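Report on one structure; see the data block that follows.
The values are calculated or read from the model by the stated rules, or taken from the named source; none is laboratory data. Treat the numbers as computed from the prediction; the structure is a model and nothing was measured. In this analysis, Cβ positions are derived from the backbone assuming ideal geometry, glycine residues included, and neighbour counts consider all displayed protein chains. Just the protein is used for accessible areas: all its heavy atoms, side chains included, with ligands, DNA and RNA removed. Shrake-Rupley method; radii C 1.70, N 1.55, O 1.52, S 1.80 Å.
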Amino acid sequence: MPLAFLAVLLPTLFWDRPLDTADTLRKAGIERIYVPAGQEQAWRKQGFAATAFDRAGAVQAVAPKVEYHMDVASATRVPWVDANGWRFERAPGRSFFCEARAGSAALAAAEAFAYGVDAAIRAAPEDLGSFARMLRFLGEIDQPRLPVRANIGVIDDGSDTMAEVLNLLARHNLLFHIISAPDLKYDLNIRRVPKAANPYEFAMKVRRDLTDEKRLLRIYGSNVVLVRLTGDASQARVHFLNYGQAAVKGLRVRVLGTYKQGKLGAFDRLHDGLADYTAQDGAIEFTIPVIGAYAVVDLRQ
């Protein structure tokens with residue numbers, strides 16, 4: 001079956017703790033786990049869908065979080081988001097392993113789901129409840145995968161400088177997709193980053209060259225929410241990942257295109273809907289009242 005018609009992969013708990021923790025998993029509602037090689041049969045006898053996972057052979061992801069650093073120019077705290085989306089883009093088809101610090105497992109699961117990657121997440125025992133709730137939510141909103149939509153095509157040279165540029169593009173919600181050759185369907189094609197370039201200045205030049213008017217997706221009201229856009233000629237899905245510790249209220253969103261009012265799915269807020277929906281000048285705008293760790297908006301023409 002073609003990849004475009006496959007359901008998005010659901011992330012999986014990596015569990016290397018003793019068999020006597022089986023009841024802990026059951027109480028949390030965990031049924032499917034990744035385990036170290038050689039332990040899968042023992043866990044299957046306990047009633048779990050257990051699969052061996054090669055932690056050492058996987059790409060290492062970071063625990064998603066936001067840190068605040070002082071901005072020398074303004075003496076304010078500037079958020080620095082540690083996210084994995086650009087890492088997922090850089091290694092298509094690879095499996096990932098994330099050692100999720102306490103409080104981050106649910107967001108790590110949402111990240112992996114948004115990018116459709118195979119991810120093993122080692123969650124702290126105290127996070128099993130929220131992790132299981134996230135898995136249930138992801139299962140409820142799961143659907144066939146849609147193509148990536150982006151303004152910027154990037155030919156990745158594998159360098160550390162390019163890695164930092166990709167990180168900065170993602171943090172500023174400048175939608176990109178890694179490609180093997182220039183493609184005219186993108187507004188911009190980045191073929192290389194000069195060796196002496198300052199990654200931040202280069203990323204801001206990309207934004208100026210693109211112009212905000214051409215951006216497929218923009219958000220207003222948060223600098224700790226990162227987005228991903230997928231879609232085809234008739235529909236789109238917008239993923240919203242909140243890296244802050246607090247819920248984000250009143251997030252305003254602008255999407256290029258003509259869509260009917262969309263459907264919101266928000267983790268732990270199942271009854272919320274979109275507000276202040278407007279359509280004009282070839283774009284739509286709407287407000288998401290509250291975003292916790294993760295939300296999606298599904299749009300149709």
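Each Lys and Arg adds +1 at its Cβ and each Asp and Glu adds -1 at its Cβ; summed about the Cα centre, the chain shows a dipole of about 280 debye.
Phi angles across the range 208-213 convert, under the Karplus curve 6.51 cos²θ - 1.76 cosθ + 1.60 with θ = phi - 60°, into 3J(HN,Hα) values of 5, 5, 5, 6, 5, 5 Hz, Gly and Pro given as x. Estimated from helices alone, the mean residue ellipticity of the chain at 222 nm is -6500 deg cm²/dmol (sum of -39500 (n - 2.57) over DSSP H runs with n ≥ 4, per residue).
A Gaussian network model of the chain, with springs between Cα atoms under 10 Å, assigns the largest mean-square fluctuation among ALA150, ALA246, ALA203 to ALA246. Does the chain classify as rounded, prolate or oblate by the C-alpha gyration tensor (a ≥ b ≥ c root eigenvalues; a/c under 1.5 gives rounded; else a/b over b/c gives prolate, otherwise oblate)? Prolate shape, in that a/c is at least 1.5 and a/b is the bigger ratio. Classify the range 262-301 as rounded, prolate or oblate from the Cα gyration tensor: take a ≥ b ≥ c as the square roots of its eigenvalues, call it rounded if a/c is under 1.5, otherwise prolate when a/b beats b/c and oblate if not. Prolate shape, in that a/c is at least 1.5 and a/b is the bigger ratio. Working from the Cα coordinates of the range 173-226, the gyration tensor eigenvalues give, after taking √(5λ), semi-axes of 20, 16, 10 Å in decreasing order. Simple point charges give the picture: +1 on the Cβ of Lys and Arg, -1 on the Cβ of Asp and Glu, and for the range 17-59 a dipole about the Cα centre of about 80 debye.
Contact order for the chain, expressed relative to its length and based on alpha carbon pairs under 8 Å spaced 6+ residues apart, stands at 15 percent.
Sorted on the mean count of surrounding Cβ atoms within 10 Å across their residues, most packed first, peptides 266-273, 98-105 read 98-105, 266-273.
Only beta bridges with both residues in the chain are counted; by DSSP, about 65 percent of them are antiparallel. Across all C-alpha atoms in the range 170-301, the radius of gyration and Dmax reach 15.8, 50 Å.
Rounded, prolate or oblate: which fits the range 220-297, taking a ≥ b ≥ c as square roots of the Cα gyration tensor eigenvalues, rounded meaning a/c under 1.5, else prolate when a/b beats b/c? It is prolate, given that a/c is not under 1.5 and a/b is the larger ratio. Across the options TYR34, PHE202, SER180, the greatest Cα extent toward the positive end of the charge dipole of the chain (unit charges at beta carbon of Lys, Arg, Asp, Glu) belongs to SER180. Accessible surface area normalised per residue over the range 233-288 is 50 Å², counting heavy atoms of protein chains with a 1.4 Å rolling probe. Please identify, among LEU138, LEU184, LEU166, the residue showing maximal mean-square fluctuation in a Gaussian network model of the chain using a 10 angstrom Cα cutoff. Result: LEU184 has the largest fluctuation of those listed.
This model, with +1 at the C-beta of Lys and Arg and -1 at the C-beta of Asp and Glu, gives the range 25-176 a dipole about its Cα centre of some 600 debye. Where the accessible area of the range 69-225 is counted over protein heavy atoms with a 1.4 Å probe, how much of it, in %, is carbon and sulfur? Answer for the range 69-225: carbon and sulfur cover 51 percent of the accessible area.
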